[in-house]
Each structure stands twice: as C-alpha cells, then as structure tokens.
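Heads up: the structure comes next, in structure tokens.
The values are calculated or read from the model by the stated rules, or taken from the named source; none is laboratory data. All of these numbers come straight from a predicted model, not from anything done at the bench. In this analysis, Cβ positions are derived from the backbone assuming ideal geometry, glycine residues included, and neighbour counts consider all displayed protein chains. These accessible areas exclude ligands, DNA and RNA; they are computed on the full protein's heavy atoms, side chains included. Shrake-Rupley method; radii C 1.70, N 1.55, O 1.52, S 1.80 Å.
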Amino acid sequence: MYSFALIAVPAVLLLLGGRGADSSAGFIKSPLSEVRLTGESVELHCEAIGRPIPEIQWWFEADYNESFSQLWDGAREDRVQMNTTYVFHATSTLYLFDLSQEDSGTYECRASNDPERNHLTKIPRIKWIRSQANVVVIDHPLIETTQPDETGGDLLSCNLTDSSLTISGHQWLKGTKVIQDDAYSSQITTYNITAVNAETSGQYICKFLTSPDVYAVINVTVAPYVTAYKKTEHGNEGDTGVLTCKSNSFPHVEEWMWSVVTEDGIKPIVNGSDDRYYITSTGNKTVLRIHQLEIERDERQYICNGSNIHGITGDAISLHVRNRLAALWPFLGIVAEVLILVTIIFIYEKRRKPDDVPEDEDGGSAPLKSNAGANHDTVRQRTSS
C-alpha cells in the first residue's frame, strides 16, 4: 500500500503539471506527538504536496510562552537538525537531540507554495497550512541499582522509586540483546549473572515498561582479560611479522603495552622505534608489526599487556622466524626422491638378466610327422600279413 502511494503521488503531480494547473499545498504526512525522557532524542516528520512544490518550515511554541519562533538547522547549540528534500513533493524531518524540559512544547510544520509566502509587506494569497505535534519531555525517574564487583554479589537489581508510573513489565538487556523479560508490575526487578568475570562483564540495562519506558544502566566491570590471538606465530626472514592480542572484558583496555624478552631481560617496545616496530591499538585489540624479520634478532618471546581502572594483565607470544629458503626445501626434497627412484629403476633394468629365448615352434612339429609315418608303415605291414 505504501509503495503504491509513492507511485501515485508523483503521478498525480506530473498529471497536474502536464495540464499546466496549479494546486494548493496539502499535507500527506503530519508530525506525531511524542513523550520522551530527558537526554533522549526525538524525530518529527512532515510531508506536503502541491503545484508548485510547497516550502516547509518548522516553528516552536514553548509551554511557558504563547508565541511561536521559527526553528532552523543548527539551533539550540546544534541540538536541532533538519533534513528537507523537494523531489516530486516536499519532505522534511526535524531531529532534536539531548532533550531537556525546556524542549517541551508545540512543534508546528508549516507548508505553502504561494509565490508571496515570504514577502515582508504583502499578505500571501494562500496562507500557510499548519500541522502541530506536542513533545513532552519529563525527567528521568530515580532508579536505585546495585553494582556488583569481583568481590561482591552476583545479583543485579533495579528499584523504580516513582510509584505513580504504571508498570506493564520488565526487560533486562546486555548491550542491545534482550536476556530476560516478564509481565510483572513490581517496582523491583532482578537478574542473576551467576559470577563476575570477563565473560559476564559488560553494560546491563534494566527497563521498566511504562509510558514512556524508563531504564537504568548497570556496569559490571573487571580487569582486562588479555589473550593472544595465537600463542605461536611464524614468519619468513625479510617479511613482516604480525602479533595480535585482544581483550573481551569490560571496560575496554585504556592502555596497551608491548615488550620483548631478551638475554638482558624484558625490554619495552616503543611504537616506531628502529623504524621496524609499529603498534596499532583500537579498543580491545592491539597489533604489533615487525618489519624485515631477522632470525637471530627477532625470534623471541613477546608480551602484550592491557590495563584499565581495575588493573593490568597480559599474555605471551612466541615468534619463530624461518629462513628465506625454508619453503624451497620441501620441494627440493621431493625432486631428490623422484631422481633417486628413477635412477634405481634405470640401474635395475640395465643389470637384470635377459629372459630365456623360447623354443622354435617349427622344431617341435618335425618329430610328430616322423612318428605319424612310422605308425602308417606299421599299419600297412599288419594289413599285408
């Protein structure tokens, strides 16, 4: 149905344009009233049609003031942003960020396609048409929370102290994923995380299903859980070695450090030092790149450490550097095996004794003829006698 409307509106406008007729502005979408909490954001949408395409303006009237003032992109310390397009018809979206109670009031979408609409002295023949929406911004109610740590409890709880709100249920989220929900009306909701460790650490949200929904954030934090992507890495001489460490715990690692184990002890690695060592760290991941690998110099153990407000942990990686021709040795070994096998077969064929020559088939047929003649003579003698 919506796709049909998108096709029908331009078709009507093209038809009107083909007839050379003008049409007054009219709304096909009006902004809707919203209720939001302080600190949240809101979007208001408005669309108008007409011939020519009408202009859209946004105006605001505060609850404590009875006069409208025009809004523009970047108003209220850049908390107001507008996105308006004029293709086939006029479409405009008003965005308000980081809401406060002073943002409560009436927001008005105005549209007009009268040529004199913005004239300072002339009264427009066709006045601006208006569509209004009320935005109510309320303070976030107090929600008392418990925040466990590695030595504390493992039960998260939220208590909504405002009893005037009607609760239709609860939700628990970890990040953006819903991990528990119910339809109870209690002002207290709990969630058991079983243990506080790197896997269960993160940001948990307890949400009370009211109008509007209210929520609180509980941070379950631990020291970094640093692990090497691979305990052992390999590289060829002259190439670039890549060592990687990561941490899946919360909060993110604030500082990454790399060091190398040498005969003289553990030495820190400075980013860009010797024009060979380069460190790239982003959030919970760090990468050490070593250019122009050398067997004697770089075949060592490397340590990555990550730290946050709870402490510092690390892991070790062993780097093995292969000779540049190391990849060629298996191929040469296969070639040598083939050559040896061919040589053995050749020598065997040369030194093998030739087979006995088979007797001539004709030599064996002559005696058979003699015996046949002798037998024939014997028969003749018996007959004559």
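Name the single residue, out of those in the range 210-224 being among the hydrophobic types (A, V, I, L, M, F, W, C) and within 30 Å of I188 (Cβ to Cβ), that is surrounded by the fewest Cβ atoms within 10 Å (Cβ to Cβ).
V217
Is it the case, given these coordinates, that Y191 is open to solvent by 20 Å² or more (accessible area, probe 1.4 Å), within 26 Å of Q70 (Cα to Cα) and part of a strand (DSSP E or B)?
no
Could you list, in sequence order, all residues of the range 76-89 that are open to solvent by 70 Å² or more (accessible area, probe 1.4 Å) and touching a residue at least 12 places away in the same chain (Cβ under 8 Å)?
Q81, N83, Y86, F88
Residue pairs, Cβ under 7 Å, 6 or more apart or interchain, first in the range 90-101 and closer than 10 Å to V80 by Cα and at pLDDT 95 or above, second surrounded by 15 or more Cβ atoms within 10 Å (Cβ to Cβ) and among the aromatic types (F, W, Y). List them.
L94/W58; L94/Y107
Would you say L243 is under 30 Å from S201 (Cβ atoms) and out of contact with any His (no Cβ under 7 Å at 6 or more places or on another chain)?
yes
Restricting the search to the range 22-60, which residues are within 12 Å of S92 (Cα to Cα), part of a loop (DSSP other than H, G, I, E, B) and over 34 Å from the mean Cα position of the chain (by Cα)?
Hits for the range 22-60 are S30, P54.
Quickly run through the range 61-75 and pick out the residues that are surrounded by fewer than 16 Cβ atoms within 10 Å (Cβ to Cβ) and within 38 Å of the chain's Cα centre (by Cα).
W72, D73, G74
Would you mention how many residues in the range 283-292 are under 20 Å from P268 (Cβ atoms) and open to solvent by less than 80 Å² (accessible area, probe 1.4 Å)?
5
Of the conditions (1) over 30 Å from A316 (Cα atoms); (2) outside any loop (DSSP other than H, G, I, E, B); (3) of a type in the set (A, V, I, L, M), V260 clears all except one; give me its number.
(1)
Suppose we keep only residues that are of a type outside the set (G, A, S) and modelled with pLDDT under 85 within the range 326-341. Which one would you say is most open to solvent (accessible area, probe 1.4 Å)?
Selected residue: W329.
If S211 meets every condition in (1) modelled with pLDDT of 90 or more; (2) closer than 30 Å to R36 by Cβ apart from one, which number is that one?
(1)
Looking at Q147, is it of a type in the set (S, T, N, Q) and assigned to a strand (DSSP E or B)?
Considered against the rule, which asks whether it is of a type in the set (S, T, N, Q) and assigned to a strand (DSSP E or B), Q147 comes out as no.
For every residue, the table says whether it meets (1) open to solvent by 80 Å² or more (accessible area, probe 1.4 Å); (2) under 23 Å from T282 (Cβ atoms).
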site	(1), (2)
A195	no, no
V226	no, yes
K230	yes, yes
S247	no, yes
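Would you confirm whether or not the range 342-352 contains a residue that is surrounded by fewer than 10 Cβ atoms within 10 Å (Cβ to Cβ) and at pLDDT below 75?
yes
State whether the residues of the range 310-322 include one that is modelled with pLDDT of 90 or more and basic (K, R).
No, the range 310-322 contains no residue that is modelled with pLDDT of 90 or more and basic (K, R).
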